[in-house]
């Protein structure tokens with residue numbers, strides 16, 4: 001039975017393609033308030049990570065990894081930036097022609113805030129300080145990830161360019177009431193990255 005099973009499984013595994021690599025990118029993030037509030041976005045230039053990609057079917061695969069990212073927002077003249085560890089889990093639909101691979105990503109992500117800092121203006125001077133998380137803050141974030149991109153394929157290497165959008169289902173802080181209205185708050189992020197992958 002074991003030998004027969006191997007004859008069935010091994011050809012299936014032999015078609016699998018495994019890729020590993022590194023990526024770097026930038027992000028633009030802010031908070032989606034309901035009802036809307038007066039806030040603006042921040043830009044982060046340091047987002048790095050490890051990438052793992054698995055293909056076993058002609059049109060769809062899996063992409064995941066581990067990222068160290070920065071995200072933040074501006075609200076009432078206070079800028080706050082978070083340093084987070086992030087885990088994406090994406091279905092990657094792909095189509096390859098010549099040395100090009102076109103990509104569509106659909107999936108989920110989760111992250112944990114390691115630390116945060118904030119800055120504000122005080123008498124014309126910019127004050128920067130470490131932010132101490134309050135009981136109302138939620139350091140765990142999770143949500144949906146949508147994106148698209150393309151790869152330049154020169155086996156065993158692939159140079160992959162992606163753009164994505166993330167919307168958090170979780171709240172950045174517990175909803176609270178202001179003037180008898182409940183304020184809901186969800187992080188949203190726009191991501192742009194380049195990755196260099198190696199096919200194992």
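Read-outs: derived from the displayed coordinates by stated rules, not from any lab. The structure presented is a predicted model; accordingly, all values stated were derived computationally and were not measured. Using ideal geometry, Cβ is built from the backbone for each residue, glycine included, and neighbour counts are taken over all protein chains shown.
What is the packing order of peptides 19-26, 117-124, 128-135, taking the mean over residues of other C-beta atoms within 10 Å and listing the highest first?
Working: 19-26: 16.9, 117-124: 11.4, 128-135: 9.9.
Result, highest mean first: 19-26, 117-124, 128-135.
Could you identify which residue out of 34, 97, 64 has the top mean-square fluctuation in a GNM of the chain using Cα springs shorter than 10 Å?
Sorting by GNM fluctuation, first place goes to 97.
How much length would be gained if the chain were fully extended between residue 165 and residue 18, taking 0.36 nm per residue of separation minus their Cα-Cα distance, in nm to one decimal? It would help to have the intermediate numbers written out before the result.
On the way: separation 147, 0.36 × 147 = 52.92 nm, distance 2.49 nm.
Working it through step by step, the gained length comes to 50.4 nm.
Give the dimensionless ratio obtained when the Cα radius of gyration of the chain is divided by 2.2 N^0.38 Å.
Numbers: Rg = 20.6 Å, N = 200, 2.2 N^0.38 = 16.5 Å.
Compared with the compact-globule rule of thumb, the chain sits at 1.25.
Which of these, 41, 170, 77, has the largest mean-square fluctuation under a Gaussian network model of the chain (Cα springs below 10 Å)?
77
Could you work out how far helix 2-14 tilts from the main Cα principal axis of the chain, as a 0 to 90 degree angle to the nearest 10?
The angle comes out at about 60 degrees.
Could you work out [θ]222 nm for the chain from helices alone, using -39500 (n - 2.57) per DSSP H run of at least four and dividing by all its residues? Round to the nearest 500 deg cm²/dmol. Display every interim value, and only then the final one.
Details: 1 runs with 13 residues, N = 200.
It comes out at -2000 deg cm²/dmol, rounded to the nearest 500.
Under 1.5 on a/c is rounded, so check that first for segment 71-149, then, if it is not, pick prolate when a/b is larger than b/c and oblate when it is not; a ≥ b ≥ c are the square roots of the alpha carbon gyration tensor eigenvalues. Can you show the working numbers first?
Numbers: a/c = 3.99, a/b = 2.26, b/c = 1.77.
Note, shape of segment 71-149 comes out prolate.
Mark the label point 7 Å from the Cα of residue 150 along Cα→Cβ and return the residues of segment 86-107 whose backbone N is within less than 17 Å of it.
Hits in segment 86-107 for residue 150 at 17 Å: 93-105.
Take the chain, connect every pair of alpha-carbon atoms lying under 10 Å apart with a spring to form a Gaussian network, then pick out the residue of 115, 91, 27 with the largest mean-square fluctuation.
Ranking 115, 91, 27 by mean-square fluctuation puts 115 first.
Between residue 123 and residue 140, what length comes free when the chain is fully extended (0.36 nm per residue of separation minus the Cα-Cα distance, one decimal in nm)?
2.7 nm
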